Each structure stands twice: as structure tokens, then as C-alpha cells.
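Q: Here it is: the structure, laid out below.
The values are calculated or read from the model by the stated rules, or taken from the named source; none is laboratory data. Note that this is a predicted model, so its numbers are computed, not measured. Here the Cβ positions follow ideal geometry from the backbone for every residue, glycine too, while neighbour counts run over all protein chains shown. All accessible areas refer to the heavy atoms of the entire protein, side chains included, with ligands and DNA or RNA removed. Shrake-Rupley method; radii C 1.70, N 1.55, O 1.52, S 1.80 Å.
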Amino acid sequence: MPGNSGISFGFTTVQDDGGRETFVVRLAPPGVRRRGNTDVLRQVPLLRALHEHSVPIAQVRWWTDDPDWFGTDALVQEYVPALPLHMTDGSLSAGVPETRVPVLLDRAVDTLVAIHRVPVASLSGWEEPRSIDTELSFWGDVLRSAGDAARLAAGRDLRTQLADAAPHAPRAGLFHGDYQTNNILFDDREQVAAVVDWEIAGIGPQGLDLGWLMMMCDPTCWHPSYRARMRVVARPQDLLRRYEATDGGEVDRPHWYQALACYRFGAIAAYNYRLHRTGRRIDELYAAMAPSVGVLLGRGVQLLRELDG
């Protein structure tokens, strides 16, 4: 499958009567410990709960931990004939005029509200809740693994400021973890057909999803070399206003959550760029994003200063 979708393949089944169905099979990386984004079967109870609460997803049809099938764990979902608003690549994007992008973004925000309304009780025993401290610690470890002393120093500074300014009682619940328009599929009626890529979903501070979408669409968070390629741009305050107006509730310290998103993605991009430049995992996407790491970390600090102001 196209994009950064892990080990995923599309296939079509053909019945004796000529009927056809198309699916996507997602495979766990062979020989890798099943944890977090490498544990595809972790998504099964989550995806079933989302479907039960009318969140648009690619429905689960089958899964197995029997290696006789694919040599590893596997999850099969229905193929959704829809396309995202791709952040940078028009060939992978829904063909909508630029004037319609704000409308589709509004629908993406409305779907995020629906995700955040899914009761945690429906996921009882699925995942341990994650605190803000847990988030900061986890992504700090990722940034340290990037092996870049200058970026690590900037990241530590941002992490300290995030910890000092953190919301005291953040609203907790289900979060997607990578909520951006590459992961939101739109059908021909410009409606959200499915939200995909739930690998890093969890239970914890939900504001990080909105902050993530705000960061992804905000040109001030990116290096000019990446900014020039952005195809989906929005003012953070417009996304925030839509979220709150569609009964997502008032968001405490939205700038803080966007700064957290800058910290998280700065760590992700720095780490994946290290894998790329050392040849461990070639990924031109993160090669292109590497100049933005410093911009992201610096923008996070600026957002926290705006919060203080």
C-alpha cells in the first residue's frame, strides 16, 4: 500500500460466482517484539469499539496470531475506496479544489470530536492510561535515540518548559495519536469515509490530537523547504474554534498541546532521519523533514511563550 503504512498489502478475493471483495492485510514486523506500533493485533478491540460507536473506520474482517498464514501476526480490514487530503503529494490526494479544503478540514475536526466521545469503558482492559509525564518521558527517550546532540539539547529545553506549563487536569480519553489529513480518507461526497493508522492510539490527554492537527497544518512549524510543499494549510485557531463549536468542549491551553505536538514530531523526525542516514531504514520522507526538526522544537518554545503572554 502507498505511503508510510507499515507492512500492508491490498488484495482482492474472487468468489466462484464472480463476486469480488477488496481488503488490506496489515502484518506485524517479523522477529520484532510486539509492542505499541509493532503490535497489529492490539488494534482489534479498538477498531471494533470504534465501529460500534459509529466512528468511520476500515472494518475488521479477520485476524490471526498463527504464523502458518503469513509468518507473523496479521490483521485484515475492508478496503475503503477513498483518498486522504495528502499533506504534500497530490498524486495520493483526493481531487478537490483548494476552495473545498476548509470544508473537508471541518469534517475531519467533527470526526475527531466523535473519536473523543468514544467511552473508555468500551475499551476496558485494552490499554493503561498515559499521563502527560509519561508522554514527555517517552518522546524524550525517542529524541535521545536520534543521536543528535544539538537537537537533544533543544528538545530538553522544550520538554522542561512543557512540564512546567502542563495543564493540571487534562481531559483524558481515547486519542488517535497521529491525527492528520494523511490518515483521514474522504469519499466522492467529500465525507469522511475512514480514519486509518491507529498504531499509536491510546488513552490519555485528548488535547494532543487537536494540537497535532494544528501543528501539521500550521506553516510556522515547518522549515521553508517543507513549507513550500504543504498542500493542506489552516490557521490553528480555526481548527480549535471548530472543535469547540461542535461540542468537543473547551480546550484548556491549546497552544500547549500544539507545542507538545512539535516536541513529539520533532523527536519522531529526528529518530527516523537517523535511521535513514545510517541506512537502517531508507525513508525519503524523513530526509525531507530533517531540516524541520529544529524549527519544530523552536516553534514549541515560542508557543509556550505565547501561552505565558
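Q: Based on the Cα gyration tensor of region 125-169, what are the three equivalent ellipsoid semi-axes, each the root of five times an eigenvalue, rounded to whole Å and given largest first?
A: 23, 16, 4
Q: Still on this structure, please answer the following. Could you give the semi-axes, largest first, of the ellipsoid that matches region 69-225, computed as the square roots of 5 times the alpha carbon gyration tensor eigenvalues and rounded to whole Å?
A: Numbers: eigenvalues 157, 96, 63 Å².
Rounded to whole Å, the semi-axes are 28, 22, 18.
Q: For region 220-309, with every protein chain kept in place, what is the accessible area per residue (1.4 Å probe, Å²)? Mind dumping the intermediate values first?
A: Values: 4280 Å² over 90 residues.
Roughly 48 Å² per residue, with all protein chains present.
Q: Over region 90-205, give the accessible area per residue in Å² for a 1.4 Å probe, as an integer. Could you put the intermediate results ahead of the total?
A: Working: 5270 Å² over 116 residues.
Per-residue accessible area for region 90-205 comes out at 45 Å².
Q: Based only on the alpha carbon positions, what is the Kirkwood hydrodynamic radius of region 193-285, in angstrom?
A: Working: mean 1/r = 0.0671 Å⁻¹.
One decimal place: 14.9 Å for the Kirkwood radius.
Q: Under 8 Å for C-alpha pairs, at least 6 residues apart: give me the relative contact order for the chain, rounded to a whole percent.
A: Details: 514 pairs, mean separation 56.2, N = 309.
Reported as a whole number, the value is 18 percent.
Q: Hey, any idea what % of region 117-198's accessible area is carbon plus sulfur with a 1.4 Å probe?
A: On the way: 1920 of 4000 Å².
C and S atoms contribute 48 percent here.
Q: So how strong a dipole does the chain carry about its Cα centre when Lys and Arg Cβ are +1 and Asp and Glu Cβ are -1, to the nearest 20 debye? Intermediate results must be reported in sequence, preceding the final value.
A: Details: 32 positive and 39 negative charges, 203 e Å.
Roughly 980 debye for the chain.
Q: State, as an integer percentage, the relative contact order of region 1-102 based on alpha-carbon contacts under 8 Å between residues 6 or more apart.
A: Numbers: 133 pairs, mean separation 21.8, N = 102.
Relative contact order comes out at 21 percent.
Q: I need the trypsin sites (Lys or Arg not before Pro) found in region 182-283, filtered to DSSP loop residues with at most 16 other beta carbons within 10 Å of theirs.
A: Details: sites: R189, R227, R229, R231, R241, R242, R264, R274, R277, R280, R281; in loops: R189, R229, R231, R280, R281.
Answer in residue order: R189, R229, R231, R280, R281.
Q: Something else now. GluC sites (Glu not before Pro), restricted to region 233-296: which are DSSP loop and have at most 10 other Cβ atoms within 10 Å?
A: On the way: sites: E244, E250, E284; in loops: E250.
Of the GluC sites (Glu not before Pro), the ones in loops of region 233-296 whose Cβ has at most 10 other Cβ atoms within 10 Å are E250.
Q: Please go through region 1-36 and write out the trypsin sites (Lys or Arg not before Pro) that DSSP classes as loop and that have at most 11 other C-beta atoms within 10 Å.
A: Details: sites: R20, R26, R33, R34, R35; in loops: R33, R34, R35.
Passing sites in region 1-36 are R33, R35.
Q: While we're looking at this one, here's another question. Let me know the shape class of region 63-112, please: from the alpha-carbon gyration tensor, a ≥ b ≥ c as square roots of the eigenvalues, rounded when a/c is under 1.5, otherwise prolate if a/b is greater than b/c, or oblate.
A: On the way: a/c = 4.04, a/b = 2.53, b/c = 1.60.
It is prolate, given that a/c is not under 1.5 and a/b is the larger ratio.
Q: Sum -39500 (n - 2.57) across every DSSP H segment of at least 4 residues in the chain, then divide by the residue count to get the 222 nm mean residue ellipticity, nearest 500. Before the final figure, lay out the partial values.
A: On the way: 11 runs with 132 residues, N = 309.
Calculated mean residue ellipticity at 222 nm is -13500 deg cm²/dmol.
Q: With a 1.4 Å probe and every protein chain kept in, tell me what percent of the accessible surface of region 62-111 is carbon plus sulfur. Numbers along the way, then the final one.
A: Numbers: 1370 of 2580 Å².
Accessible surface attributable to carbon and sulfur in region 62-111 totals 53 percent.
Q: Could you give P(r) for the chain, binned at 10 Å from zero, as whole percent values over all Cα-Cα pairs?
A: Distribution as computed: 6, 26, 36, 25, 6, 1, 0 percent.
Q: Next up: Is region 169-245 rounded, prolate or oblate when judged by the Cα gyration tensor, a ≥ b ≥ c being the square roots of its eigenvalues, rounded requiring a/c under 1.5 and prolate requiring a/b larger than b/c? Working shown, then result.
A: On the way: a/c = 1.55, a/b = 1.20, b/c = 1.29.
The shape class here is oblate.
Q: Next question. Take the alpha carbon gyration tensor of region 19-108, find the square roots of its eigenvalues, order them as a ≥ b ≥ c, and report rounded if a/c is under 1.5; if not, report prolate when a/b exceeds b/c, else oblate.
A: Details: a/c = 2.08, a/b = 1.92, b/c = 1.08.
Prolate, because a/c is 1.5 or more and a/b exceeds b/c.
Q: With unit charges on the beta carbons (Lys and Arg positive, Asp and Glu negative) and the dipole taken about the Cα centre of the chain, which residue among M1, V196, A165 sits farthest to the positive side?
A: A165
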